[in-house]
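Chemist: Take a look at this one; I'll ask things after.
The values are calculated or read from the model by the stated rules, or taken from the named source; none is laboratory data. For clarity, every value in this text was computed on a predicted model and none was experimentally measured. We place every Cβ from the backbone using ideal geometry, glycine too, and count neighbours over all the protein chains shown.
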Amino acid sequence: MKKLLLGIAIILALLIVIVAASERESLVRVSDGKSLSFGEMIKDAARSDVIVVGEVHSNPRHHLIELEVIRALHESDTPMIIGMEMFRSESQKDLDSWTSGAMPLDSFVQIYYRNWGMQWALYQDIFLYAREHNIPIAGLNIPGEISDAIARRGFSALSDEERKRIPAGINCTIDKNYREFIRMAYAGHGKNDERSFLHFCQAQMVWDKSMAANLVSFMKGHPGKKAVVLAGVGHAWRRGIPEQLSLLSDHRIGVILPVMSAHVDLKSITVEDADFVVLP
């Protein structure tokens, strides 16, 4: 499953470039190709109710841009929450305890590793900033064993107990565009049987739908606040979490996606991919 998701990240790496804003690279707004400063991008993005910022999980530069987006919005006195793929919704009480200042650091780090496998150092500045400024964090993810079970057996094979661990009402309708994009990532792994592909596609879709549903639920409990969502590129692209959010709410959604390659044809990037790119 992780290898297949990495395939999605590699494909997205051919489309979009983003590097840390703190290094002063220029940004381009996709809709009109206009170059923007970081401040201009934030002003533009702040018109959205939800700003989805993608990442390659192991890339420190991507976490810098995430932190700078959060910091810029907070310093502009924008009421906000942070939604994170890195925590399951089942761990929401732990996140609430952390941001309120009630949980000691060493205890929280242990809980972090129960939720996420990447090094704490990659995310610590984001978590510490949220705690310092009492910014609520929403755990968006579903249990990894659920997405893995769907990838192996298919959505319809989930037991009643397994279905209870994803948001109520989640289905698995997959449109042509979503299927074709997922197929591009899946094809590079040498597994061409249609059933296995369908199961993987269902797992990705349920993952996106569930994280969107968890965010909408959390935002209802924090009315009037914007959300910055941090998720891997395979979820953050427009047809992932953002599209599922648009089906569940009337929130205006902005998307910033990170990738590794600097060799990009800007004509290949459309608003169906993202709202902003950053060029070195």
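Chemist: Do you know which residues across region 166-196 are in a loop (DSSP other than H, G, I, E, B) and either at pLDDT 90 or above or over 22 Å from the mean Cα position of the chain (by Cα) (or both)?
Modeler: Ile166, Pro167, Gly188, His189, Gly190, Lys191, Asn192, Asp193
Chemist: Another one. Return the residues of region 35-89 that are farther than 25 Å from Ile146 by Cβ, touching a Pro at 6+ places or on another chain (Cβ under 9 Å) and assigned to a strand (DSSP E or B); say none if nothing qualifies.
Modeler: The answer is Met80, and nothing else.
Chemist: Suppose the filter is more than 18 Å from Ala212 (Cβ to Cβ), among the aliphatic types (A, V, I, L, M) and either buried (at least 21 other Cβ atoms within 10 Å of the Cβ) or within 17 Å of the chain's Cα centre (by Cα) (or both); does Met86 pass it?
Modeler: Taking the combined requirement at face value, the residue does not satisfy it.
Chemist: Please find, within region 143-162, the residue that is farthest from Ile174 (Cα to Cα) out of those that are of a type in the set (Gly, Ala, Ser) and under 22 Å from the mean Cα position of the chain (by Cα).
Modeler: Looking at the filtered set, the residue picked out is Gly144.
Chemist: A follow-up question, please. For residues that are of a type outside the set (Phe, Trp, Tyr) and not in a helix (DSSP H, G or I), tally how many sit in region 100-122.
Modeler: 8
Chemist: Can I ask one more? Kindly indicate the residue of region 198-223 that is within 20 Å of Thr173 (Cα to Cα) and of a type in the set (Phe, Trp, Tyr) and also surrounded by the fewest Cβ atoms within 10 Å (Cβ to Cβ) among those meeting that condition.
Modeler: Per the criteria, the residue is Phe200.
Chemist: Is it the case that Leu230 is of a type in the set (A, V, I, L, M) and assigned to a strand (DSSP E or B)?
Modeler: Taking the combined requirement at face value, the residue satisfies it.
Chemist: Report yes if some residue within region 35-42 is under 25 Å from His222 (Cα atoms) and polar (S, T, N, Q); otherwise report no.
Modeler: Within region 35-42, not a single residue is under 25 Å from His222 (Cα atoms) and polar (S, T, N, Q).
Chemist: Now a separate question. Suppose we filter Val109, Val216 for residues that are among the β-branched types (Val, Ile, Thr) and farther than 30 Å from Asp250 by Cα; which single one remains?
Modeler: Val109
Chemist: For region 110-143, how many residues are in contact (Cβ under 8 Å) with a residue 60 or more places away in the chain and surrounded by 15 or more Cβ atoms within 10 Å (Cβ to Cβ)?
Modeler: 13
Chemist: Here's something else I'd like to know. Condition test on Ala151, is it modelled with pLDDT under 95, of a type in the set (A, V, I, L, M, F, W, C) and within 22 Å of Gly240 (Cβ to Cβ)?
Modeler: Judged against the criteria, Ala151 is a match.
Chemist: Mind checking whether some residue in region 149-165 is in a loop (DSSP other than H, G, I, E, B), surrounded by 15 or more Cβ atoms within 10 Å (Cβ to Cβ), of a type in the set (Gly, Ala, Ser) and in contact with a His (Cβ under 8 Å, 6 or more places away or on another chain)?
Modeler: Yes, because at least one residue in region 149-165 is in a loop (DSSP other than H, G, I, E, B), surrounded by 15 or more Cβ atoms within 10 Å (Cβ to Cβ), of a type in the set (Gly, Ala, Ser) and in contact with a His (Cβ under 8 Å, 6 or more places away or on another chain).
Chemist: Among the candidates Ser107, Ser35, Ser97, Ser76, which residue alone is surrounded by fewer than 20 Cβ atoms within 10 Å (Cβ to Cβ) and in contact with a Ser or Thr (Cβ under 6 Å, 6 or more places away or on another chain)?
Modeler: Ser35
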